[in-house]
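The values are calculated or read from the model by the stated rules, or taken from the named source; none is laboratory data. Just so we're clear, the structure is a prediction, and the values are computed from it rather than from any experiment. All Cβ positions, glycine included, derive from the backbone under ideal geometry; neighbour counts span all protein chains shown.
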Amino acid sequence: MWNLICCFFFVAMATTAVATAVSAMTVTSDEDYLAQYTFEKYIADFGKRYADPEEHRKRAAIFKENLAKVRAFNGALGRSYRLGINKFSDMTKEEFNAKFNGRVAAPQSTQSPQRAPYKRTKATFPEALNWQEAKNPVLTPVKDQGSCGSCWAHAATESVESMYAISSGKLLTLSTQQITSCVNNTRKCGGSGGCGGGTAQLAWEYIMNTGGITLDAEYPYVSGETSVTGRCVLNRSMPRVVNVYGYASLPHNDYEAVIEALVQKGPLAVSVAASDWMFYTGGVFDGCGKDGENITISHAVQLVGYGTDNKTNQDYWVVRNSWGEGWGENGFIRLLRKKHNELCVFNNAWNTAGGGCADDPNITIVACGMCGILYDVAYPVVTKPPGRGRFLWAAGTAFGGLCVVMILLVILSRYRGTTPKVYEVFREESETLN
């Protein structure tokens, strides 16, 4: 069964025209500042425009209600994370879930969640790890999927970028648009394909089968602005710079396997329930529900590390999102991490509201970790496709072989008293290789 995701679909409301919103911005969660923050200031800060006065009034009322919720949440005692105002603050929670999630979970199951046994390893691992701090960078800048449900393509591409950087020492920004537009999703695994959702594994299989992925500079990402998948326009002039020749999926809900893979392999592609991340602005997030509660796993992200908060002493996972640098902690979120006692929740419609395929039997899965982060974890195995250097090596070998053949023919012709007619062929071959 496929293991990923439909995605949060960042689509502007049909009655709302959004200008070039300041995606690289989140308003501070400081109470004194928020107490004076107005809708007019919000419009200016985020470049919002609305179709008509009625829509303006509607969004103003929603913003006012959301601002009150943010202030009330931050004002409560014992919070481990904070909320703020961002580009989603003029939407209701229902609109956010319908447009950015697009799936409705089935009724809650009565089955008790079962945690996977933890497999001990002989290796010892550091108390903290963050691939953002690697001496040689392995993470490209945080991207914004925009008005396209391409989280799966971003997570898949980011994982290939990171694994290639670790193995080669070269950090390349690869084409998320190639994955979004060119991957066929006939079985509708994790969604309908393109901006309608997919899976990281589907993306990696596509790269394996088609000879590699090109650079973002060659095939730049535009679906976030157009809101459409777009037809595949990959051509021979676009160099394939990285290939995938396999991928590994970790055992479901295995905490130690995730830690081990993070340390020994690198950043991982993971599936999460992210509907409650809407206004997150910082801290250790623990708001994905209680043990045994039903959630919808419908978003793909990159897991890049783990650590412990110095102030609260809470253990956390470090996750890279694809909602722009203005969301969360510069585009990242820290999720609560519990060693060997992770929260477990349900996803009751894995094939229709999660990462399964449309023709799979509809089953209930048990996903452990905050927001289900431990259930679906995978990483690609990458290599560099045969490039110009390898081509020249092969050409040189053929050239040398041709020389040997010509010499043998010359020697043979002397015995037979004839002149070999191989020069023209040799010259044509030489000109081709040059």
Scanning region 273-306 residue by residue, those among the small types (Gly, Ala, Ser), in a strand (DSSP E or B) and more than 15 Å from residue 373 (Cβ to Cβ) turn out to be 282, 283
Any chance residue 352 is modelled with pLDDT of 75 or more, assigned by TED's automatic domain parsing to the domain that holds residue 242 and farther than 17 Å from residue 255 by Cβ
no
Would you mind stating whether residue 302 is assigned by TED's automatic domain parsing to the domain that holds residue 154, surrounded by fewer than 21 Cβ atoms within 10 Å (Cβ to Cβ), polar (S, T, N, Q) and touching a residue at least 12 places away in the same chain (Cβ under 8 Å)? no
Of (1) of a type outside the set (Phe, Trp, Tyr); (2) at pLDDT below 95; (3) surrounded by 14 or more Cβ atoms within 10 Å (Cβ to Cβ), residue 237 satisfies every one except (3)
Check your understanding: Just to be sure, is residue 153 exposed (fewer than 14 other Cβ atoms within 10 Å of the Cβ) and either at pLDDT 90 or above or closer than 21 Å to residue 379 by Cβ (or both)?
Key -> no
In region 214-236, residues that are closer than 19 Å to residue 150 by Cβ, out of contact with any strand residue (DSSP E or B) (no Cβ under 7 Å at 6 or more places or on another chain) and either charged (D, E, K, R) or assigned to a helix (DSSP H, G or I) (or both) total 5
Only one of (1) of a type in the set (Gly, Ala, Ser); (2) crowded, with 23+ Cβ neighbours inside 10 Å; (3) touching an Asp or Glu at 6+ places or on another chain (Cβ under 9 Å) does not apply to residue 198, and that is (3)
Residue set 239, 251; condition over 19 Å from residue 382 (Cα atoms), part of a loop (DSSP other than H, G, I, E, B) and in contact (Cβ under 8 Å) with a residue 40 or more places away in the chain; output residue 251
